[in-house]
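Let me begin by presenting the structure, written as structure tokens, before commenting on it.
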Amino acid sequence: MKLPDGPRISPALQLILTLFRPLETLEEYQKRYGDIFRSNLIGLGQFVVLSNPQAIQEIMTADPKVFESGSANQLLHPLVGDNSLLLLDRDRHQSQRRLLNPAFHGERMRAYGKLICDITEQVTNDWAVGKSFIARPTMQKISLRAILRAVFGIDEGERFEEIQRLLCEMLNTFDSPLKSSFLFVKALQKDLGAWSPWGKFVRKREQVDKLIYAEIQERRQQPNLNGEDILSLMMSARDEAGQPMTDRELRDELMTLLFAGHETTASALAWALYWIHKLPKVRDKLLQELASIGEDKDPSEITRLPYLTAVCQETLRIYPIALFTFSRILQAPFQVMGYDFEPGTRFSPCIYLTHHREDIYPQPKQFKPERFLERQFSPYEYLPFGGGNRRCLGMAFAMYEMKLVLATILSRWQLSLADNHPVRPIRRGVTTTPAGGVRMVVTGKVSQTSRVRSEAIAN
Ligand code: HEM
């Protein structure tokens, strides 16, 4: 059985709609063509968009050899380079994942608990009653410092200040739907001098690379043999032929973790602050739960709180930071939901449409953390971090970080939204983010004694 055709409008218009009105366009397509349809984007090709949990399960649980994702991620090449985990497939992808995975799980991850609380306190220390701030860039300062520490074991000093500044400037190249087209349309990737958008991006990237290579050089001369950071881990790894990773390979993987590991979490935190302060009931319930574990809050206790966890889950359901998982490119003939597909077909599981299915999430447009306390969702119904063999490497780390940052802020500060207008998601590069970044105002300070006790976690 062959899947019927999807939207008839031109591939150029489909790309424009996808860039500028992604949610409305996807919802319109789903209404017309159902939960599995074809869409064609100029320059990028044809995709099969899926929001049917059974279809997503059939793809995610298939033999990983049947699909490639690395080759589908070429869009990210300018940011992360050839050797990035995001662009690898098969054995190299598996072995890099095996190498990096422990750094973002279990004890190694929990060792960052105190640090995340400390960084949050430092970044918010200059808040004062009456001061307004924009949540996304503020949360980005926190998440960038947290990932720098995990990756390099250090986040202070001139080099790291520079890396932070330049990375933010580099990623701001894609901070609107229009500017995001530079990633999606290859023809726009022309260096027309230091003032042209792509020229600016390339120069910032060169500066970041220089700093990363300088750090790698220094580590080669003075290896940090007991270092638990990811750079030390990667530098001591050997492949089957006994060869270490080259400078270029190290740079690409470091860049991948810095890029994938902080913008996403920053946008998620900005959304969480928005919903918590938009809905007084949610805020009250959360404060009650935080108060229930007493004044000396231990990070591991915080991260087990059910309502806080549900608030983070609902934040990532209603406006997932990635609208799609990576595409899966078919390598052999395959059937999904009884439809036949040829090798070369690109499947794009759509996180947003799946998360807005009325049959799974009644009143999907409403923010209701309780739904996560009332029932469990399968990994193909709820997938903000994708799934299968490409599932987000930083999933546990991101959830851990979100909960600690939110608990630290809510235990120290009273905040409110600067205005009551609804905030919509807009495209920022390959992700979505709250439009305007969520402007907030500090309305009060909570007494010192109820702060998160950060010394409770031993390193
Ligand atoms: C709220 C925050 C985050 C969200 C919503 C998110 C979302 C995603 C999604 C949707 C994917 C694609 C998975 C798939 O196609 O099945 C992914 C992959 C990935 N993420 Fe995250 N992510 C977040 C935070 C992080 C963090 C903190 C890290 C840092 C370690 C990270 C590193 C990665 C990497 C390396 C991959 C590629 C995995 C692979 O190709 O095997 N992410 N993420």
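Per-residue surface analysis assigns TYR339 an accessible area of about 50 Å², computed on protein heavy atoms at 1.4 Å probe radius. Taking the helices alone, the chain has a mean residue ellipticity at 222 nm of -14500 deg cm²/dmol, built from -39,500 (n - 2.57) per DSSP H run of at least 4 residues and averaged over all its residues. Label positions at ALA187 and ASP126, each projected 7 Å from the Cα along the C-beta direction, are separated by 4.4 nm.
Given R₀ = 45 Å, what would the calculated FRET efficiency be for SER292 paired with ASP5, taking r from the Cβ atoms and rounding to 0.05? In this case the efficiency is close to 0.25.
Near LYS65, once Lys and Arg are set to +1 and Asp and Glu to -1 for all other residues with Cβ below 10 Å from its Cβ, the sum equals -2. Candidates TRP127, ASN101, ASN52 compared by Cα position along the dipole of segment 1-154: farthest toward the positive end lies TRP127, with charges placed on Cβ.
Placing +1 on the Cβ of every Lys and Arg and -1 on the Cβ of every Asp and Glu, with no other charges, gives the chain a dipole of roughly 980 debye about its Cα centre.
If a spin label sat at a point 7 angstrom from the Cα of GLU169 along the line to its beta carbon, no backbone N atom of segment 75-108 would be nearer than 15 Å. Using the Cα coordinates of segment 1-155, the gyration tensor eigenvalues translate into equivalent-ellipsoid semi-axes of 37, 25, 15 Å, sorted from longest to shortest.
If I compute solvent accessible area with a 1.4 Å probe over the protein chains, what percent of it on segment 11-456 is carbon and sulfur? The C+S portion of the solvent-accessible surface of segment 11-456 is 52 percent. Computed from label points 7 Å out along Cα-Cβ, the spacing between ALA332 and GLN366 is 4.8 nm.
For segment 11-456, the equivalent ellipsoid derived from the Cα gyration tensor has semi-axes of 32, 29, 22 Å, listed largest first. A simple packing score, the average count of other Cβ atoms within 10 Å per residue, orders the peptides 311-318, 412-419 as 311-318, 412-419, with the highest score first.
Estimated from the Cβ-Cβ distance and a Förster radius of 51 angstrom, the FRET efficiency linking GLU374 and ASN226 is about 0.65. Which length gain, in nm to one decimal place, applies between SER416 and ARG90 when the Cα-Cα distance is subtracted from 0.36 nm times their residue separation? Length gained between SER416 and ARG90: 112.6 nm. Multiplying the residue separation of LYS281 and VAL446 by 0.36 nm and subtracting their alpha-carbon distance yields 57.5 nm.
The label-point distance for GLU358 and ALA214, in a model that sets each label 7 Å from Cα toward Cβ, rounds to 5.8 nm.
The values are calculated or read from the model by the stated rules, or taken from the named source; none is laboratory data. All values derive from a computational prediction rather than experimental measurement. Glycine gets a Cβ as well: all are built from the backbone with ideal geometry, and neighbour counts include every protein chain shown. With ligands, DNA and RNA removed, areas are computed over all heavy atoms of the protein, side chains included. Shrake-Rupley method; radii C 1.70, N 1.55, O 1.52, S 1.80 Å.
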